[in-house]
Amino acid sequence: MKIAVVSGASSGIGKEFVDIIDKKCGMLDEIWVIARRGQRLEALQHHVRRPLRIIEMDLADREKLLELRALMERKKPQIYVLAASAGFGKYGPNTSLDYNDCVGMTDVNVTALTALVTMSLPYMARGGRILLMASSAAFLPQPGFGIYAATKSYVLSYARSLNQELRRRHIYVTAVCPGPVATEFFEVSGSGGMLAAAKRLFMADARNVARLAWNDSMAKKELSVYGLSIKAFRVLAKVVPHHWILKGMSLFA
Ligand SMILES: NC(=O)c1ccc[n+]([C@@H]2O[C@H](COP(=O)([O-])OP(=O)(O)OC[C@H]3O[C@@H](n4cnc5c(N)ncnc54)[C@H](OP(=O)(O)O)[C@@H]3O)[C@@H](O)[C@H]2O)c1
């Protein structure tokens with residue numbers, strides 16, 4: 001059975017990935033779609049041609065991750081695309097954040113993403129693609145959004161090394177690093193003061209971000225960065241000492 005696996009498929013960028021994969025990957029038998037809101041996943045079926053396997057689960061639940069792994073072991077699919085888009089962030093300094101949100105960010109953005117990749121690797125097809133949702137937040141520590149930014153630095157680092165490790169198997173990994181994207185992400189994250197408000201001036205469209213990520217993945221690029229301003233931010237974060245930038249950012253916090 002030839003499949004694609006998409007986490008975070010109920011909303012935003014993940015939902016766009018499902019649509020793109022449905023249109024571009026004619027050979028697939030099924031797309032496995034993962035999120036907690038099962039009704040949204042079921043509704044997706046009306047918009048795509050390929051059969052969806054609805055996997056309604058909380059990715060922060062390690063038992064559920066083991067069940068998903070067992071499903072893969074039973075079905076032994078050939079995975080052509082893995083798009084790990086599930087993730088969330090919460091604005092606020094560590095001291096003001098809820099314990100469950102702090103641990104939840106690492107559970108979903110780091111642990112579940114790593115679990116999804118690791119359980120999928122034995123089944124990845126030659127020529128397969130892995131798209132991992134990082135963020136421009138990966139480029140720089142972000143006081144007031146620190147845990148989220150750290151989880152995305154993990155994803156970026158992990159994706160880049162994985163891409164090297166898997167080249168011999170002809171599997172290509174792309175870290176997707178957009179700036180702010182107009183999705184439900186900001187309903188979940190809460191508001192983050194002046195700096196967060198300023199970031200929203202650069203809001204991108206989820207469809208465009210997903211489309212570029214797909215094209216970059218097909219071109220075997222290890223990084224997908226949407227938009228000139230975010231590309232410029234990446235260069236800035238590479239060449240200017242981080243403590244200088246952090247000092248500047250603190251003026252707007
Ligand atoms: N929007 C942005 O500005 C932005 C910028 C850079 C990077 N990103 C990253 O892009 C990815 C997609 O975000 P988005 O903008 O599309 O946000 P979104 O619209 O809020 O989508 C997040 C997705 O993650 C799923 N998810 C969250 N927690 C989950 C959990 N515990 N278990 C299972 N699924 C869970 C949600 O599904 P359910 O709620 O149905 O479970 C939803 O499908 C995230 O990794 C995010 O960090 C977003």
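The values are calculated or read from the model by the stated rules, or taken from the named source; none is laboratory data. The shown structure was predicted, so the numbers you read here are calculated from the model rather than taken from an experiment. Methodologically, a virtual Cβ is constructed for each residue, glycine included, from the backbone with ideal geometry; neighbour enumeration extends over all protein chains shown. Please note that ligands, DNA and RNA were not included when accessible areas were found on the heavy atoms of the full protein model with its side chains. Shrake-Rupley method; radii C 1.70, N 1.55, O 1.52, S 1.80 Å.
Given a cut-off of 20 Å, what percent of all Cα-Cα pairs of the range 32-136 lie beyond it?
Everything past 20 Å amounts to 46 percent.
Suppose we keep just the alpha-carbon trace of the chain; what are its Rg and Dmax in angstrom?
Rg and Dmax of the chain, Cα atoms, are 17.6, 55 Å.
For a paramagnetic label modelled at 7 Å from the Cα of Phe252 toward its Cβ, which residues of the range 205-242 fall within the zone defined by backbone nitrogen distances under 12 Å?
Label zone hits: 233.
Pairwise over distinct Cα atoms, reciprocal of the mean inverse distance: report the Kirkwood radius of the range 120-253 in Å, one decimal place.
On the way: mean 1/r = 0.0635 Å⁻¹.
15.7 Å is the Kirkwood radius here.
Is the C-alpha gyration tensor of the range 74-198 telling us rounded, prolate or oblate? Criteria: a/c under 1.5 is rounded; beyond that, a/b larger than b/c is prolate, otherwise oblate.
The shape class here is prolate.
With just the Cα atoms defining each centre, how far is the range 46-78 from the range 188-253? Give it in Å.
31
What is the percent carbon and sulfur in the accessible area of the range 27-145, measuring with a 1.4 Å probe over the protein chains and ignoring ligands?
In the range 27-145, the share of accessible area belonging to carbon and sulfur is 49 percent.
What are the extents of the Cα atoms of the range 164-218 along their three principal axes, listed from largest to smallest and rounded to whole Å?
Its Cα atoms span 46, 21, 17 Å along the three principal axes.
What figure in square angstrom, to the nearest 10, would you give for the accessible area of Thr183 with a 1.4 Å probe?
Counting only protein heavy atoms, the figure is 40 Å².
Could you give me the radius of gyration and the Dmax of the range 126-173, taking only the C-alpha atoms into account and expressing both in angstrom?
Cα-based Rg and Dmax for the range 126-173 come out at 12.7, 41 Å.
Using all Cα-Cα distances in the range 135-203, what percent lands in each 5 angstrom bin from 0 up to the longest?
Percent of Cα pairs in each bin: 4, 15, 21, 23, 14, 10, 7, 4, 1, 0.
Using a 1.4 Å probe, what is the accessible area per residue for the chain, in Å²?
48
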